[in-house]
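I have placed the structure first, in the form of structure tokens, so that the comments after it can refer back to it.
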Amino acid sequence: MAAVVSWISESVQEIPQISGLTLQTCLVFFAAFLLTCALLRRPRNLPPYPAGHVPVLGHLLALGRAPLLKLTAWRRQYGDVFTVRMGMEDVVVLNGYTAVKDALVDRSELFASRPPNYLFDSSVGFGKGETFKFSNLFVLFILSNIGAARWGTGLKQRRRFATAALKHLGMKVGTGSVEDNIRQEASYVRATLTPSPHPSLPPSLCLYLCPSTIVDVTGARPTYNLQIAEYHGQPFAISNDMKVAVANVICSMAFGRRYGYEDETFRELSEAIRNLLAEIGSGQFISVFPLLRFVPGVNRACKEVLKHLSKIHEVLWDEIARHRENFDRENPRDFLDFCLLELEQREKVEGLTEENVLYMAQNLFLAGTDTTANTLLWSLLYMTLNPDIQNKVHEELDAVLGVPALSHRSQLPYVNACLLETLRIRTILPFAVPHATTKAVRTQGFDIPRGTQVLPNLYSLHMDPAFWPDPDRFDPGRFLDAEGNLINKPQSFMPFSGGRRVCLGEQLARMELFLFFSTLLQSFNFKTPEGAPAPNTDGVLGLTLVPHPFQLCAMPR
């Protein structure tokens, strides 16, 4: 026996000599092995893993092309709290009203931080400007972060400052509201759908008034830019018009002015924002495996994000410079003016820099354009699919005199119910924004370590048959009581998230949704093109849940 032990000891000592390794090298490998084991060791009492995870990739393959449906199926099997493995990282998924409300509202401070996410963090300045819950932006497989700032004093100060500035600029009801700006943009969208005769052109052509620059279309005198339109009763896609209009509302608050729809700078800014969001959505694999950003070819999305970001920053730096030239300290006109004033006074936000201002302005656009515009697109799509519901909307709107205003909201409960049902059935941010725990926390019997990424599954709230019978059916009546009054805050309904990280732009979004929707429905009857198949309602899950491209016909009423 002693001989065997001696032989083993001598053999072990010979290994470094045979392989050419030194004792120091062996110790390094041994330390790396122990470190890897420590990093990969699963914490005790973490919520259960669903079946289907594999080394390195985790559950990425198991989630497949329909992660919404897969997580719903896992909830039925594993309960309201479980863990998915995203690459090498554990992500705790919260499902159902009880679990999500407990985390986001009841114990909000414990879940208020953000996990790191390279691709998105780089696009928002690694937290230098985050003030908003972005619009559920993420995913190649849903699990990405949006907003780089971690929970702390700096973020709290920026959020308070941004909220106060936006309220001063009109994110409120009553005197000084941004309502007039929204109604103006809604009227421009309506004008693009309304035939407008022109004496110098054949009456057989359908024309619309384009709210852009003044040009000379006749060769003799300047007039409004008239373009041949096929909108009058013919199929068309309203997506671009809607996104431009919503973006202009943000421009009026951020820059103190709106752009003509054909303005070159505005066109480039809008295009860069759309492309940036698209690239972030398609490149989330880099966020799961950040080292891939150094691999040529694989890092294409990363390079494209930086390219589009550069264009956006160029426009914003020009606006900041323009504001400095015309800065009136006594009468700040817009969000940039308020930021420049704070840069001088240093009263509300500790350590605020001009770079912070740039990213705060950028986040206004990223957070406030895509989500609202796509919700409006979903609302119009469901109107075309449900003509009986659309008829009820028309009847209610016909009882209101003049162009709908925010003061009419109490008189239009069914209109509001249609918008709430749209937010429920097709939540733009179905997985909210990923959170992270600020300290170790226990939920539903499981222990979640500090710094763990937590994903609130809002889709599970809004499609839960326990609260919403037959959840796949579009039914505005869910939001009306027996007397026909609107139910504003039903249980299991959190389209704007909640708690510390609730969307700061919620009030602005609700104002825009109501005014755009009611203005368009008052003027048009929207239909699916004759002979065309019904639009697909599954949606495309990227940064947000967007409808598949679709066309509709707008018939003047």
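What to note about this one:
- Residue within the range 347-369 that is out of contact with any helix residue (DSSP H, G or I) (no Cβ under 6 Å at 6 or more places or on another chain), touching a residue at least 24 places away in the same chain (Cβ under 8 Å), under 23 Å from Leu419 (Cβ atoms) and of a type outside the set (Asp, Glu) present: yes
- The sole residue among Leu401, Leu429, Leu455 that is hydrophobic (A, V, I, L, M, F, W, C), out of contact with any Ser or Thr (no Cβ under 8 Å at 6 or more places or on another chain) and assigned to a loop (DSSP other than H, G, I, E, B) is Leu401.
- Test for Arg85: is it crowded, with 20+ Cβ neighbours inside 10 Å and basic (Lys, Arg): yes
- Residue identified as over 30 Å from Asn331 (Cβ atoms) and at pLDDT 60 or above among Leu269, Leu316, Leu226, Leu309: Leu309
- Selection within the range 150-165: residues that are hydrophobic (A, V, I, L, M, F, W, C) and either surrounded by 19 or more Cβ atoms within 10 Å (Cβ to Cβ) or farther than 12 Å from Lys348 by Cβ (or both). The member of this set that is modelled with the lowest pLDDT is Trp151.
- Options Asp447, Asp481, Asp464: the member that is more than 23 Å from the chain's Cα centre (by Cα) and touching a residue at least 40 places away in the same chain (Cβ under 8 Å): Asp447
- Exactly one residue out of Arg329, Arg322, Arg300 is within 18 Å of Leu166 (Cα to Cα) and of a type in the set (Lys, Arg), and it is Arg329.
- Subset of the range 497-535 that is closer than 30 Å to Asp102 by Cβ and in contact with a strand residue (DSSP E or B) (Cβ under 8 Å, 6 or more places away or on another chain) - its residue that is modelled with the highest pLDDT: Ser497
The values are calculated or read from the model by the stated rules, or taken from the named source; none is laboratory data. Fair warning: this is a prediction, and the values are worked out from it, not measured in the lab. Neighbour counts run over all protein chains shown; Cβ positions are idealised from the backbone, glycine included.
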